[in-house]
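The values are calculated or read from the model by the stated rules, or taken from the named source; none is laboratory data. Since the model is a prediction, treat every value here as computed from it, not as a measurement. We place every Cβ from the backbone using ideal geometry, glycine too, and count neighbours over all the protein chains shown. Note: areas computed on protein heavy atoms with side chains; ligands, DNA, RNA excluded. Shrake-Rupley method; radii C 1.70, N 1.55, O 1.52, S 1.80 Å.
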Amino acid sequence: MALPRVVTITAVVLLLGGGALYLARPDDEGAPIRKRLQSFAEAVNRSTMDGAGPQSRAQQLASYFTDDVDVEFGGGAAPIRGRDTLMGMAERLQPRTAMFRLKFEDVTVAMSPGGEAADVHLTAEFIRRSITSGEESLDAREFTMTMRRVDSEWRIARVTAVDTLR
Amino acid sequence: MRVLVLAAASFITFKWLLVPIRTEGSSMLPTYAPDKLNFVNRLAYAAGKPVRGDVVAIRMAGPHVLYVKRVIGLPGERVAVRGGTVFINDKLLDEPYVKHRRAWDVDEVVLGSSEYFLMGDNRGMSAADHDFGRADLDRILGKVVF
């Protein structure tokens with residue numbers, strides 16, 4: 001068999017196999033969580049430009065967290081305990097966050113038995129725009145999260161920064 | 001049919017074998033400038049392990065956001081930085097790719113059996129603004145080429 005024919009058949013088999021695997025893939029039970037995180041990122045980004053007051057913005061974002069949310073950024077920073085504390089900090093930080101965008105990449109979701117909680121692993125990208133030059137710079141950080149379903153909404157219960165390079 | 005084959009070959013090549021990346025930030029200056037296109041050879045370590053001096057891509061939560069750093073220390077070695085100079089097992093490491101240095105100091109670390117010590121080439125920046133440190137082999141996605 002001529003070599004081009006072998007290559008052609010291999011490519012067709014790979015394409016058909018890939019297509020079959022794609023069509024036969026199991027339902028993604030993590031999809032609602034990914035959607036919720038996407039919505040959170042959009043809310044954060046919207047809150048930097050919607051002209052609403054800091055309190056209103058913090059209220060918008062509060063619905064994405066559980067009352068007892070726990071946030072650990074590591075690197076010697078004190079952990080943040082509770083939604084009220086977190087939102088208080090977000091209110092105070094608002095003017096400084098006005099020129100950044102948040103984006104989540106490589107989100108993997110592992111549902112717990114029962115489907116009421118999930119472990120999430122992701123990379124958060126912070127794209128900052130210089131107020132003076134307009135240039136964008138990218139910063140990224142890896143996080144693990146625990147999300148819980150509360151009042152039929154997925155909420156962030158725990159956030160822990162992961163040191164990719166230790 | 002040829003177009004189909006070409007599309008499939010390109011997809012496989014650039015998705016799994018030679019992955020294009022766009023560099024951001026200045027930590028690899030002057031070797032890699034920001035906003036340039038480079039490629040990661042994902043098969044580079046299929047039959048071997050990273051060696052000192054290799055520039056590698058390190059994954060974060062997945063393959064879409066990567067660190068690009070140089071391999072400085074190998075598994076089992078002791079790595080320290082004194083006054084901006086790297087010492088491996090107490091011996092000075094010659095680093096011709098470093099053009100600017102500040103007097104960084106990093107306490108000695110002993111690398112585990114699958115750990116590598118990774119740093120950027122730009123030592124002229126503040127150590128606090130430069131991400132460096134240890135990573136396990138399974139974090140290394142491939143070798144940066146071109």
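Here are some notes:
- With respect to the conditions (1) among the charged types (D, E, K, R); (2) surrounded by fewer than 19 Cβ atoms within 10 Å (Cβ to Cβ); (3) in contact (Cβ under 8 Å) with a residue 40 or more places away in the chain, B:ARG2 falls short on a single one, namely (3).
- Sole residue being more than 22 Å from A:SER63 (Cβ to Cβ) and open to solvent by 80 Å² or more (accessible area, probe 1.4 Å), chosen from A:ARG129, A:ARG92: A:ARG129
- Listed by position, the strands (runs of 3 or more DSSP E) contained in segment B:98-146 that have at least 1 residues being closer than 13 Å to B:LEU29 by Cα and within 14 Å of chain A (Cβ to nearest Cβ) are B:115-119.
- Qualifying residue in segment B:27-45 (condition: over 18 Å from the mean Cα position of the chain (by Cα) and surrounded by fewer than 14 Cβ atoms within 10 Å (Cβ to Cβ)): no
- Options A:LEU122, A:LEU138, A:LEU165: the member that is under 17 Å from B:ALA61 (Cβ atoms), among the aliphatic types (A, V, I, L, M) and not in a strand (DSSP E or B): A:LEU165
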